[in-house]
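Heads up, the thing below is written out as structure tokens.
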Amino acid sequence: MAYHYFSKLNIQSLVIVCLLLLLTACGNDYAKQIEQDYVRVQQNLDDLERKLYYKELSNAKIVDLYAKKLTALKPDFKPVADAMAKDATEKGILFLDLKRRLNKVNKKPANKQQFEIASESLRSIEMGANPIVFNDALLDLINTMAELSDGQLDTVSIPKDSQAAYARGEKITPGSHLVGNPNYGEYRENSGQSFWHWYGQYSFFNSLFGGGHYNRAPIRYNDWNSRSHYSYYQDYGRNTYGSSSDRVKTSRYNSNMRKSGLTPAKPKKQYGSVIGRKRISTYRSQKSSQSSYFNNKQNAGGRHAGKVNNKRSSSLFNNKSSSAASSKRSSSFFGSSSRSGSSSRSRFGGK
């Protein structure tokens, strides 16, 4: 009887040990995959940093030019013009936030759920670091300064017929292209409603309310998001320049809008460059197919999991080739491209 008991106990112990070994092996496998992908995304960010440092992105050049012209036209706008000029560089909040998010990625996921979260974060950051996509994201800065110039500076990538409001002399909302982007502010709740609050130097926009050319009312979420606006972040950038918590918050706000009988405005498909929209579209299709990869990996079993992972280790994102291409070419609104020479790379490393 005692022998039977101890034999049963030994079998149970052996099963537990095997399960622990299997889980440990999977955990190591997940970590190996994430570490490989992390290195590639870090390299893409480094490449984007070089391009921004040497002002190789066309829209970054336009932002810099517009900031100087806006300051000359309206000296009082210099603080916000300077802030936008900085945000088109490697020291700006858009780029630094990509680096911050990369530093927060869990490089040693212990299970499938942690792996999925880390993998999706890397995918999103990699897309945001794509020079073509980042170049398009700068449209919001360009068009904000065009608005503030009272028509002295041209908007970019916005159809002319959509600017009829300016021709009629209608009032605008200061910073309208940046509203909703968590890098510049946030919605705060007060008396059951959500109002936009600007951060840092962008709080300058608050002082413009009540001016002769600008709307007096504060920006309420329901009012703002039921109207159609040209905003790269709102139309395309949520998955690349916003966190998962930002997207959850937006989903909740939109749900509340629908309950109150309002419909959130739909994105404008023609905003931004054609090639940039293709990049985003590809990213979204990859995102939807990612779950099937996870399911296949899970169904492969512990014995074959390593083989599946090794096959996919550098192709999980399915856009390595496009990333490599974009790392060699900076996007241009004017349709041109440029390459970073080896001398530029060495100089950057020593700055």
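Where a number appears in this text, it was derived from the coordinates with a stated rule and is not lab data. These figures come from a predicted structure and were not determined experimentally. Every residue, glycine as well, gets a Cβ built from its backbone with ideal geometry; the counts of neighbours run over all protein chains shown.
If neighbour count is taken as other Cβ atoms inside 10 Å, put 52, 153, 138, 262 in order from fewest to most. Please list the in-between numbers first.
Details: 52 22, 153 19, 138 26, 262 15.
Lowest to highest Cβ neighbour count: 262, 153, 52, 138.
Based on the Cα coordinates of the range 224-285, what is the per residue volume of their convex hull in Å³?
Working: hull volume 5.5 nm³, N = 62.
Each residue corresponds to 89 Å³ of Cα convex hull volume.
At a temperature of 25 °C and a viscosity of 0.890 mPa s, determine how fast the range 49-205 diffuses translationally according to Stokes-Einstein, using the Kirkwood radius over alpha-carbon pairs as Rh; express D in µm²/s, rounded to the nearest whole number. Numbers along the way, then the final one.
Working: Rh = 17.3 Å.
Estimated via Stokes-Einstein, D reaches 142 µm²/s.
Over 25 Å between Cα atoms: which of 32/249; 74/99; 74/171; 69/91; 78/171 fall into that group? Mind dumping the intermediate values first?
Details: 32/249 32 Å; 74/99 33 Å; 74/171 18 Å; 69/91 21 Å; 78/171 21 Å.
Long pairs (Cα-Cα over 25 Å): 32/249; 74/99.
Take the Cα atoms of the range 65-122, find their three principal axes, and give me the spread along each one in whole Å, biggest first.
The principal-axis extents, from largest down, are 56, 16, 14 Å.
Using a 10 Å cut-off on Cβ atoms, rank the peptides 176-184, 83-91 from the highest mean neighbour count down.
Result, highest mean Cβ count within 10 Å first: 176-184, 83-91.
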